[in-house]
Structures are given as C-alpha cells and as structure tokens.
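A quick write-up on the structure given underneath.
The values are calculated or read from the model by the stated rules, or taken from the named source; none is laboratory data. Note that the structure is predicted; figures quoted are calculated from it, not measured. So basically every Cβ, Gly included, is an ideal-geometry build from the backbone, and we count neighbours across all protein chains shown. In case anyone asks, the SASA skips ligands and DNA or RNA and just uses the protein heavy atoms, side chains included. Shrake-Rupley method; radii C 1.70, N 1.55, O 1.52, S 1.80 Å.
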Amino acid sequence: MTELPISGLGRADGIDPVGRPNPNGAGAPELLLMLRRQRWVLILAALLGLFAGAGHYVTSPDRFYARAVILIDERASDPGQEFATNFPLLRNETAVLNEMQVLRSLALAEDVTRKLALHETDAFVQRPVSLARSTVTGLIAAAKTTFGLGEPVAEQVAPTQDEVILATAQKLQRDLGITRVGRSFSVEVSMVLHDPALAAAITNAYAELYLADRQVASQAASQAGAKWLRQNIAEVRDSADEAARDLAAFRAENRALDQQGARALEQRVASLNTVHATLLERLEMVTIEGSYPLSNGRLLSRAAVPADPALPKSWRLISGGLVLGLLAGLAFAAWRELRETSIRTGEDVRRLSGVPFLGYLPRFSGRRIRRLRPLVTQPLLLEGTPTAVFSRFRPQPKAGVSKVATAGLTEHFSPALYLPSVAPDLAFNEPLKGIIARLDRMSAPGAGSVAAIASLNSGEGRTVLAANLAQFSALSGARTLLIDADMANPALSRQLGFTQGNGLGEILAGKAGLEDCLTTLPATGLKVLPFIQTGPPNGRTHIMRLAEHLETARHLFDRIILDSQPLGASSDVTALLNALDGVVMLADWGKTEQTAMQAAMADDPVLQRKTAGVVLNRTRMHRLAAYGVSRNRTARRRGRRWARS
C-alpha cells in the first residue's frame, strides 16, 4: 500500500507527518535514549543510594586506627648461614615474609589475648556494629530459623577458658592488619577498633610480644648453634688428628722421596687446624651471645592513642552508596527495557504492521476535560434525547461559572467527545485532518466513504476517536453519519445520552428505517445512529444487513464512521471489510502489545490492505523525545501545558 502524505499534521505537533523521527531524534544512540527514558528510575536509585550511604554513615560507630612499625633484622637465624659471605636478595625477601607470618600467627594472637585479658574485655568481645550489619545479621538468622538452614542446636555446654581464649584470639587474628612498608624490612602492625585506647594497647602488645618472641627465638638459635658448633668442633678435631697421623705415616714410608704428596697432606692438616680454631672462636662468641640474647628486630614507632576516628569515612560511604544505587538503577532500568513490549512510536507501527502511521493523539488530562464542561452554555432536549449547543469561547474563571450552565446535562456527558466543538485549537484535533484525508483517498469516487474505528483491545479509546472524527468531519461541511456499531458495549450511545428510542438494533431487526433512527447534534449537524437495544443481535445475518444499509447510506452521506467492537472480542470488523473503504486502527500508547499488532496484520491480509493506518492514542507527547521522536519547541511547550492541565 502506497503511503500518502498527510497535510497539516507536522505543523500541529512538530512530528514528521508519517511519524518518522527527524534527524535530531533519530541520531541519538539507543543507549542514551534508554537512559533518558529511565532517567527518573536512575535518579531515584541514585538518591536512595545516597540516603542509604548517609544513613549507614550516621548509624555506624566511630572506629579508631592505631599503628606501630617494627624493623625486622634481615640476618637469618640459621646457624648454617653464619659463615656465608653474602645473602641473596631472595633469601632476604623470604625472611621478611616469614616474619610477617609470625606476626599473623595464632600463637602470637593467643599471647596478646592472655596478656591483655581480651577474652574478659567487653569492649573487645561485644563490639558495637552498624545498623546495616545488625539488620543483615538478624535477617540471615531469621531466614535460617524459618527455613531450617542452620545446624541443629546441640546441648548448651559452657566453654572452657582455653576455648574462650582461642575464640577471642581467632577474632583478633582476623582483625589485625600486617603490612610491609614499601620494599623495606619494616612491617606495620595496625588495629581498628571503636575504643582508641584498646586499639593502641593491642597494637603495642603485638609489637612487644613479637620482639620478645624473636629474642627467645634468637636465644634458642644461639643454643642450637652452640650445640652444632660443639659437634662440628669434635668432628673437625678428629679429622685433623687423623690427617696428622696420615702425614706421619706417609713420611715414615716414603721418607723424602715424595715431597708433593707430603705437602698435600700438610696442607690438609693445616686447613683442618684452621677450621678447628675458627669453630672454637665462633663457639666462644655464640656462648657470649647466648648469655646476653639480642632481638632480631626493633620497634621503630609505638602506637599512640588516636584522637580522631579513622572510620567511617563519609565520602567513601556516600559515594559507595551512590555507585551501588546507580548500578541497581541501571539493572532495574535494563529490566524495564527488556519488559517493554508495547508500541511507542510511528516507527514501531510501520515495522510491525506494514501500514502507514497516521499520528499521535495526546493523552487526556482529567483536569483539562473537567475545565471544558463550562463551555456547554445551553442544554437542549430534542426529541427526548439530550444534546447541547456549545460556545466557541474559552471558559470563564471558576468564580464566574454558573452552576445552572450544566444543570441539564446527562450524567454520562463527557466533553472529550466534543473536542472539535468545545476546544477547536487543541492539538488533539490536528491529527484528525490527516486521518480524514487518508480515508478520502482510499474511498471510491462518486460515493460516500465508509470507515470503521477499530482496535485490538477494549478500552483503547475507539469511542472518543470516532465521536471527534465524525464531528470534525461534520464541522468541515461534509454530511457525516456516526454509527455506534459496538453492539456488545454501546459506550458511544450511552455517553451521548441515548437511553431510549430507536437505533441500529431496530434497523437490523427490520422494525424501523434508517431515517427514523437518526438524531442530529445541533452543535455540529452530525447525524448519529445509536444502538439502544438491551441485548446485542447475533448471527451473520445482522452483519450482512448492516453491510446492505451501509451501501444505502453511501448515497445519503459523504462520510460514514463506525465505532466498532475490538478485534480481540468480535469478528464484526473483519466480516464487514468488504463493505468498508478503510479501517483506522487505534493503538494505546505504551499498552498495546507489539506482538498483538504484528499478529493481527499478518493473520488477515485483507485487514492489512483495508487499514488506512494506525493512530497512537493517549500519547504522552512530552516523552516522545526519549524514544527518538523529536518535536519543535512550540509542540514541546504545548505538550507540557496539556500534561499539566
């Protein structure tokens, strides 16, 4: 089907006449459009993250940081290394790592626990925690209790003191910080606690007990070295004596015949004697060192009691909350985008249905519609049917509106059905021009056009569009007939006030003629054929009769517009396709499913051929830019004003 231009639509709402986004909107990357669509989700998630971070900061107890620095001697305690002339770098690095493991050891943690009696100190055992941690811990415990995930509770047995000390030492071991200072042989021992004095005491106790332990280890190493030296001195002495005997025996046997062999034995005896003397000297030194043991390290700086808390840091918690909030917002926004399966733009319409896009109808504001009621200035009763004469002037201020002005209106009256008469300058009326132009081009020359307003589902606004399109056509001077063909739910007849008399049901039943059932709306001259029958007529016979009456009405009217039943509830529209010149398909912006529209057109090629185009109803005009549809400045102001009204 060839797309035909629709005059006037582009000037009314700032959108391409066939719904094609202009370059300003189409050039935006899809990711940026997604972020723009979900900006309020992201903003709300970021604010929640900020508030969560700030709340965590406020409810977290202050914690203080205490540190001490220990210099570790790079000399190894292995006696075998005492005679090495140099130590490779790898051996030194390994020594530092070994000393750091000593600082992290559970044995040293138990010594600190016993020295400071931490297992009896409530400030360490029962430390305050943040509200967030206590809440999470409580929820986990409740979940385990509820779902039986925890281990069965054994009989309560009071732990021994050693078990309590071990448990406290394990907690201390987890909380202790051990860090090497750069590439040096210095190690930083740190502790973060809510009690500054206790943090400093624990840190200093660790440093002191470590140095004391190293001193004991040095003394033990000296004793082990002395023992090793004594053993080796005896062995060397025996070897030297044996070498001397071998030399004497060699000289006795060879006398002066083999001087070279004698010199070799003499050198071996001299070497062994030198080693023996060296070991004796070293044994004396080790014995003296064992009497006055020295530590392999020293304390470079003691931990002072911190005055200011180090944690929590406000900027870290708030920025972390902001980042987590944004990540959660992005995840939720992506989930919402994946769930977005409704029709939003004219591009969606063309891609899914293969038919032209006829424009966007803005979403009604209930407040704006209520403000239009005072425009009805003179209620009249013609032939027992309530109708109205409308004023072309704007509404007066609320204080000046008389209550008598709308006293005679039916309770079902809605100004939304009379927009071309009540407020002809509204943007809602502009797309009607293009719809009528499209229908006229599809109709056969020399006879009136017959068009049905259809939708896939009920409640998508067919009645409002049919009433306004018919009145717009009548105001333009065309002889127009509006037929309520929704026999299952004649909402159009009810809202126009037709509750009694003859209508379409009587015509199809052969009880009345067409001329006897028509009513004229005096404001526009529009002819209305209501449906007043209490029960809808059934059977294909009625559809065939309706088609026959439509052919007759072609010669009496320029345009005939039907408010039909939804396609999902009835096949009346498809049964009437041969009698129709065109079908205006209505889709609810953001609600009509893409798959439903695509399936409806693919399953019925005749419906697709007869469809004049698709109109997106209840469009939030100010949100179209987020879907790549750009509008001019005037249209954006009008859309915002309509949404606020």
note = Expressed in nanometres to one decimal, the distance between label points 7 Å along Cα→Cβ at S365 and S301 is 6.5 nm
Vicinal HN-Hα couplings computed from phi for region 195-203 (Karplus, 6.51 cos²θ - 1.76 cosθ + 1.60; Hz; Gly/Pro x) = 9, x, 5, 5, 4, 5, 5, 5, 5
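For Q161 and R339, calculate 0.36 nm times their separation in residues minus their Cα-Cα distance, and state this gained length in nm to one decimal.
On the way: separation 178, 0.36 × 178 = 64.08 nm, distance 5.95 nm.
Stretched fully, the Q161-R339 segment lengthens by 58.1 nm.
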ask   = Stretch L32-T146 to full length: gain in nm at 0.36 nm per residue minus the Cα-Cα span?
value = 36.6 nm
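Using a 1.4 angstrom probe on the protein heavy atoms only, line up M544, M487, M34, M285 by accessible area, largest first. Don't skip to the answer; put the middle values down first.
Numbers: M544 110, M487 10, M34 30, M285 85 Å².
If we order M544, M487, M34, M285 from most to least accessible, we get M544, M285, M34, M487.
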message = Among G320, V236, L358, whose Cα projects farthest towards the positive end of the dipole of region 217-359, with charges put on the beta-carbon of Lys, Arg (+1) and Asp, Glu (-1)?
response = L358
query = Say each of E93 and E253 gets a label point 7 Å from the Cα, pointing the same way as Cα to Cβ; how far apart are those two points in nm?
reply = 5.4 nm
inquiry  = If I take R0 = 56 Å and measure r between the Cβ atoms of T499 and R39 in this structure, what FRET efficiency does the formula 1/(1 + (r/R0)^6) give, to the nearest 0.05?
reply    = 0.70
inquiry  = On a full-extension model of 0.36 nm per residue, what is the gain between R263 and A575, subtracting their alpha-carbon distance, rounded to one decimal in nm?
reply    = 99.4 nm
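With the contact rule set at Cα under 8 Å and sequence spacing of 6 or more, what percent relative contact order holds for region 127-235? If you can, show how the numbers build up before the last one.
Details: 36 pairs, mean separation 14.0, N = 109.
Computed over region 127-235, the figure is 13 percent.
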task = Work out the FRET efficiency for Q170 and L48 from their Cβ-Cβ distance, taking R0 = 51 Å, and round it to the nearest 0.05.
result = 0.85
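Apply 1/(1 + (r/R0)^6) to the Cβ-Cβ distance of D122 and V323, taking R0 = 41 Å, and write down the FRET efficiency to the nearest 0.05.
For D122 and V323, the calculated efficiency is 0.70.
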key: Separation of alpha-carbon centers, region 542-598 and region 299-325, rounded to whole Å   = 71 Å
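Relative to the compact globular guide of 2.2 N^0.38 Å, what is the alpha carbon radius of gyration of region 91-206, as a ratio?
Working: Rg = 17.9 Å, N = 116, 2.2 N^0.38 = 13.4 Å.
Expressed relative to 2.2 N^0.38 Å, the Cα Rg reads 1.33.
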note = The simple spin-label model distance between A107 and V606, using points 7 Å out along Cα→Cβ, in nm, is 9.6 nm
